[in-house]
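One structure below.
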Amino acid sequence: MRHRSFSQSNPPANQSTRNDWATLKTLLPYLWEWKWRVIFAMACLVMAKMANVGIPMILKEIVDSLTVSPQSANAVLVLPMALLVAYGLLRLSTTVFTELREFFFARVTQRAVRNIALKVFRHLHALSLRFHLNRQTGGVTRDIERGTRGISTLISYTLFSILPTLVEISLVLGYLSLQYDIWFSVITITALSIYILFTVLVTEWRTNFRRTMNDLDSKANVRAIDSLLNYETVKYFGNEEYEARRYDEGLQRFERAAVQSQNSLSLLNTGQSLIIATAVTLILWRATLGVIAGTMTLGDLVLVNAFMIQLYIPLNFLGVIYRELKQSLADIERMFELLDENREVADSPAALALQVDRAELEFKHIDFSYEAKRQILFDVDFSVAAGTTTAVVGHSGSGKSTLARLLFRFYDVDRGVILIDGQDIREVTQTSLRQSIGIVPQDTVLFNDTIAYNIAYGKPGAAQSDIEAAARSAYIHDFILSLPDGYQTMVGERGLKLSGGEKQRVAIARTLLKNPKILVFDEATSALDSQAEQAIQAQLKDIARNRTTLVIAHRLSTIADAQQILVMSQGRIVERGTHAELLAARGMYADMWERQQARTTEADTQELPDSAIAVGAG
């Protein structure tokens with residue numbers, strides 16, 4: 001299954017790959033996990049609205065009781081007092097049931113946000129390396145941030161605003177239909193219909209502006225983060241102003257979209273107010289005519305007016321809510337699109353844990369391509385005997401590092417099979433596979449945390465004594481103790497506060513702590529100077545002893561004692577043998593060796609003082 005890049009998966013600003021119902025359908029199971037809390041919260045919601053609708057009814061009775069001539073003074077005093085008490089209880093009930101609803105539903109909302117965010121996070125880690133090479137970190141993190149916030153907004157507004165408003169409208173319409181002239185219901189229903197239709201149409205139009213704003217916001221954020229991550233490069237070339245202009249271009253486009261969004265909001269608010277004001281005026285006109293005609297009491301006038309006021313506030317807010325819901329859905333849809341990304345490399349349903357005994361590796365007739373039109377490996381076939389070291393060398397682009405990525409199953413091979421102790425790595429769980437392999441990469445990237453944390457990452461939860469033992473084995477313990485904060489020293493973003501050699505030693509300690517049976521050194525010393533390389537190379541040989549080791553190397557001097565050396569060119573193994581055998585063959589390896597030795601001799605000569613060169617010349 002081919003993977004589409006994230007840039008391709010992003011919909012244009014005016015288009016959605018998911019509809020709103022699909023987004024809601026994805027969300028509902030996370031809420032129904034707490035169905036009893038949801039049911040109880042809904043019951044509290046209905047009770048709160050029934051109490052709220054009952055308040056104008058009590059007001060009507062109070063007004064009517066005061067306008068009727070009492071037969072006795074006692075009747076005047078008793079009846080209104082009972083109604084006043086009922087009025088107060090209904091007011092209190094509305095608040096109590098509303099707060100109970102909030103109390104019982106709070107956990108549902110927060111747990112749903114937590115579960116979805118965690119699922120997206122895990123899914124991102126489960127996606128292939130191909131996806132992560134294409135994605136833009138700033139844009140993805142902003143999509144997740146807005147999406148989780150949108151979920152909370154969507155749940156809160158839907159269940160605490162829209163549903164209560166619909167319940168209250170239904171109760172009011174039912175009462176008006178049963179108790180009064182049909183025109184009251186006709187005016188109310190007509191106003192509601194026009195209001196909802198107007199709100200939906202204008203909000204749908206406005207949603208395009210919101211999507212455009214989201215897209216531009218993400219792009220501006222990506223540019224900002226990318227520029228800050230490459231701070232040194234920006235400084236080297238003096239391009240601070242250039243980066244600022246690029247960032248400002250995105251901000252300008254966002255500004256234009258935001259202004260359009262705000263102008264359309266003003267249009268929406270004005271239209272909604274006009275509809276509501278017209279409806280309320282017509283309702284009061286009909287009620288006034290009823291009082292004059294004697295078909296309605298003053299209490300009825302108060303009741304109808306109170307109903308309209310109660311409906312006006314949430315109905316006016318309903319327009320705001322709908323806009324927020326559409327915006328939240330636009331935000332959530334981007335996050336759910338991440339969940340829609342295909343897992344190019346997934347465990348098979350019958351996958352078992354990898355059982356490693358001897359740790360023998362076999363690459364059998366491997367073909368592989370990152371893109372269909374550009375094949376990288378051609379019939380690569382070799383094995384690494386248990387407890388031995390095999391080195392892979394070749395020019396840049398020959399496919400050496402691809403072998404390590406395939407071994408870790410960042411990608412699946414197009415043809416052939418990779419075996420560990422006779423087990424196809426596609427038939428075992430990825431977790432168990434990667435637990436059995438340790439790697440010291442060419443570019444060691446550390447977490448922006450302490451040295452202790454970065455070493456312990458090889459075995460989370462490791463004791464401090466084990467961390468220090470691994471650091472000693474990697475010959476970095478004394479250096480760490482010389483730092484003011486010792487093992488609690490922060491290494492900075494990507495470990496930039498440490499030198500290349502120090503980062504490599506931390507990586508070695510991390511791998512030692514993991515204690516894997518299979519080791520991969522992916523050009524682990526190519527970025528270091530010769531002195532640091534010699535020191536670290538000795539440590540690598542120590543930790544490779546009695547382990548099955550695959551070394552991907554550029555400098556041939558570092559792998560001269562490997563039991564097997566493979567020479568790759570343009571994705572194929574063109575030579576294989578020991579160091580001595582390959583030199584004797586006078587092929588590609590021997591040519592590479594001679595050229596590297598010549599460069600090494602020239603570099604050593606340049607480092608000698610002038611007097612030494614003069615003596616040597618004489």
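Accessible surface for SER482 stands near 80 Å², nearest 10, in the context of the full protein assembly shown (1.4 Å probe). Annotation: lysines with alpha-carbon distance below 26 angstrom to LYS373 (same-chain offsets under eight excluded): LYS364, LYS400.
Please report, as a whole percent, how much of the solvent-accessible surface of region 193-345 comes from carbon and sulfur atoms (probe radius 1.4 Å).
Numbers: 4780 of 7790 Å².
Here carbon and sulfur together make up 61 percent of the probe-accessible area.
Ranked from largest to smallest solvent-accessible area, with a 1.4 Å probe on the protein heavy atoms, PHE103, PHE254, PHE40, PHE209 come out as PHE103, PHE40, PHE254, PHE209.
Over region 383-483, the Kirkwood radius and the radius of gyration, each from Cα atoms, give a ratio Rg/Rh of 1.03. The H on the amide N of ILE565, modeled in the peptide plane, is under 5 Å from the matching H of ALA391, GLY577, THR578, each at least 5 residues off or on a different chain. Couplings 3J(HN,Hα) of region 562-572, computed from phi: 5, 5, 8, 10, 10, 10, 10, 8, 6, x, 10 Hz, in residue order, whole Hz [Karplus 6.51 cos²θ - 1.76 cosθ + 1.60, θ = phi - 60°; x for Gly and Pro].
Among the aspartates and glutamates, which have Cα under 16 Å from the Cα of LYS503 when same-chain residues fewer than 8 positions away are ignored? Partners within reach: ASP443, ASP449, GLU468, ASP478, GLU493, ASP522, GLU523, ASP529, GLU533. The lysines within cross-link reach of LYS35, meaning a Cα-to-Cα straight distance under 27 Å and a gap of 8 or more places when in the same chain, are LYS25, LYS49, LYS119, LYS326. Note on exposure: MET42, MET592, MET490 ranked by accessible area (1.4 Å probe, complete protein assembly) read MET490, MET42, MET592, with the most exposed listed first. Computed over the Cα atoms of region 289-437, the ratio of the radius of gyration to the Kirkwood radius (Rg/Rh) comes to 1.56. Annotation: amide H of LEU446 within the under-5 Å range of ARG494, GLY495, sequence separation 5 or more or interchain, hydrogens built in the peptide plane. Database remark: amide H of ILE376 closer than 5 angstrom to the amide H of PHE368, SER369, TYR370 (H placed geometrically; neighbours at sequence offset of 5 or more, or on other chains; Pro and chain starts carry no H).
The values are calculated or read from the model by the stated rules, or taken from the named source; none is laboratory data. Since the structure is predicted, the reported quantities are computational estimates derived from the model, not experimental observations. To get the accessible areas, we keep the full protein, side chains included, count just its heavy atoms, and leave off ligands, DNA and RNA. Shrake-Rupley method; radii C 1.70, N 1.55, O 1.52, S 1.80 Å.
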